[in-house]
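Peer 1: Handing you a structure now.
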Amino acid sequence: MRIVVLVSGTGSNLQAVIDAVKERELDVEITAVGADRPGTYGLERSAAAGIPTFVVDFKAYTNRAEWNAALTEAVAAFEPDLVVSSGFMRIVSPEFINAFNGKYINTHPALLPAFPGAHGVRDALDYGVKVTGCTVHWADAGVDTGPIIAQEAVAIEDSDTEESLHERIKAVERRLLVSTLASLAAASHS
Ligand code: GAR
């Protein structure tokens, strides 16, 4: 299974996927890693692992439609079986979704449909829920919407800050992303 991973930030989930492939725990080919801005640590991690990278810089385009078209073209060039939004903090267009119909997944640090968006951890903490978690789902053109593939709960401690809670969620999220990819890869072989 050829995958393209899209990142915006530090890429710790991406690193978990890279490590699982290296350890032969996960049978996928990371064909490329793409970002919406230059200079992200996720790109550095990929380059260090010898994975091709590309940037479709959101700020370099005059409008969202042009950026989406460029992103779609850049991703399609790698002919992926699956596109993974892993901390990719941009909403893609319906055209992108159509181009990768049934092939686009996203990971999110909350139990969707609760707390979508860029601050899922902070919003859960602010609301005062006692349990949150992470979700891997088929992504559509909405904000963290689409059919859920896998979820895991994480308890919130009274002493939690956004940082401490996000770290605990990410530890679970990395495992969930890798196991979801393993299941999808196994299904694609059968
Ligand atoms: C992850 O927790 C991911 O779920 C979240 O960004 C973090 C990226 O961490 N994504 C969203 O909030 C999407 N709405 P990473 O760059 O260290 O993998």
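Peer 1: Name the one entry in H166, H137 that is out of contact with any Ser or Thr (no Cβ under 9 Å at 6 or more places or on another chain) and buried (at least 16 other Cβ atoms within 10 Å of the Cβ). Step through it out loud before you land on a result.
Peer 2: On the way: H137 fails: out of contact with any Ser or Thr (no Cβ under 9 Å at 6 or more places or on another chain).
From the options H166, H137, the qualifying one is H166.
Peer 1: Among residues belonging to the stretch 40-82 that are more than 16 Å from the ligand (Cβ to nearest atom) and hydroxyl-bearing (S, T, Y), point out the one that is nearest to S188 (Cα to Cα).
Peer 2: T72
Peer 1: Okay, next question. What strands (runs of 3 or more DSSP E) completely inside the stretch 1-99 contain at least 1 residues that are in contact (Cβ under 8 Å) with a residue 40 or more places away in the chain? Steps first, answer last, please.
Peer 2: Working: elements: 2-7, 29-35, 53-55, 82-85.
Passing ranges, in order: 2-7, 29-35, 82-85.
Peer 1: Among (1) touching a His at 6+ places or on another chain (Cβ under 8 Å); (2) surrounded by 21 or more Cβ atoms within 10 Å (Cβ to Cβ), where does F88 come up short?
Peer 2: Against the list (1) touching a His at 6+ places or on another chain (Cβ under 8 Å); (2) surrounded by 21 or more Cβ atoms within 10 Å (Cβ to Cβ), F88 comes up short only on (1).
Peer 1: Only one residue in E152, E162, E173, E157 is more than 19 Å from the chain's Cα centre (by Cα) and within 13 Å of the ligand (Cβ to nearest atom), so which one is that?
Peer 2: Exactly one of E152, E162, E173, E157 is more than 19 Å from the chain's Cα centre (by Cα) and within 13 Å of the ligand (Cβ to nearest atom), namely E162.
Peer 1: If D126 passes every condition in (1) more than 20 Å from V56 (Cβ to Cβ); (2) of a type outside the set (S, T, N, Q); (3) touching a strand residue (DSSP E or B) at 6+ places or on another chain (Cβ under 7 Å) but one, which one does it miss?
Peer 2: (3)
Peer 1: Which of the residues that make up the stretch 62-85 are surrounded by fewer than 16 Cβ atoms within 10 Å (Cβ to Cβ) and charged (D, E, K, R)?
Peer 2: R64, E66, E73, E79
Peer 1: Could you list, in sequence order, all residues of the stretch 100-115 that are in contact (Cβ under 8 Å) with a residue 24 or more places away in the chain and either within 21 Å of A171 (Cβ to Cβ) or of a type in the set (S, T, N, Q) (or both)?
Peer 2: First, pick out the residues of the stretch 100-115 that are in contact (Cβ under 8 Å) with a residue 24 or more places away in the chain: 100, 102, 104-113.
Within the stretch 100-115, I105, N106, T107, H108, P109, A110, L111, L112 meet the criteria.
Peer 1: Now for a different question. Can you tell me which condition V154 does not meet? The list is (1) in contact (Cβ under 8 Å) with a residue 60 or more places away in the chain; (2) surrounded by 21 or more Cβ atoms within 10 Å (Cβ to Cβ), and all the others hold.
Peer 2: It fails just one condition, (1).
Peer 1: Kindly check whether there is at least one residue in the stretch 114-126 that is touching a Cys at 6+ places or on another chain (Cβ under 7 Å) and on the phi < 0 side of the Ramachandran plot. First the steps, then the outcome.
Peer 2: Restricting attention to the stretch 114-126, the residues satisfying the condition of being touching a Cys at 6+ places or on another chain (Cβ under 7 Å) are none.
Looking through the stretch 114-126, none of the residues is touching a Cys at 6+ places or on another chain (Cβ under 7 Å) and on the phi < 0 side of the Ramachandran plot.
Peer 1: Determine, yes or no, whether A114 is at pLDDT below 95 and either within 8 Å of the ligand (Cβ to nearest atom) or aliphatic (A, V, I, L, M) (or both).
Peer 2: no
Peer 1: Follow-up question, since we're still on this one. Which one of these does H137 not meet: (1) touching a residue at least 40 places away in the same chain (Cβ under 8 Å); (2) of a type outside the set (A, V, I, L, M, F, W, C); (3) in contact with a His (Cβ under 9 Å, 6 or more places away or on another chain)?
Peer 2: Against the list (1) touching a residue at least 40 places away in the same chain (Cβ under 8 Å); (2) of a type outside the set (A, V, I, L, M, F, W, C); (3) in contact with a His (Cβ under 9 Å, 6 or more places away or on another chain), H137 comes up short only on (1).
Peer 1: Which members of the stretch 116-134 meet the condition of being over 24 Å from N68 (Cβ atoms), part of a loop (DSSP other than H, G, I, E, B) and touching a residue at least 24 places away in the same chain (Cβ under 8 Å)? Reasoning before the result, please.
Peer 2: Here is the first cut: in the stretch 116-134, the residues over 24 Å from N68 (Cβ atoms) are 121-134.
The next check asks that each one be part of a loop (DSSP other than H, G, I, E, B); those that pass are 128-130.
Scanning the stretch 116-134 gives V129, K130.
The values are calculated or read from the model by the stated rules, or taken from the named source; none is laboratory data. None of these values were measured; they are calculated from a predicted model. Heads up, the Cβs are rebuilt from the backbone with ideal geometry, glycines too, and the neighbour counts pull from every protein chain shown.
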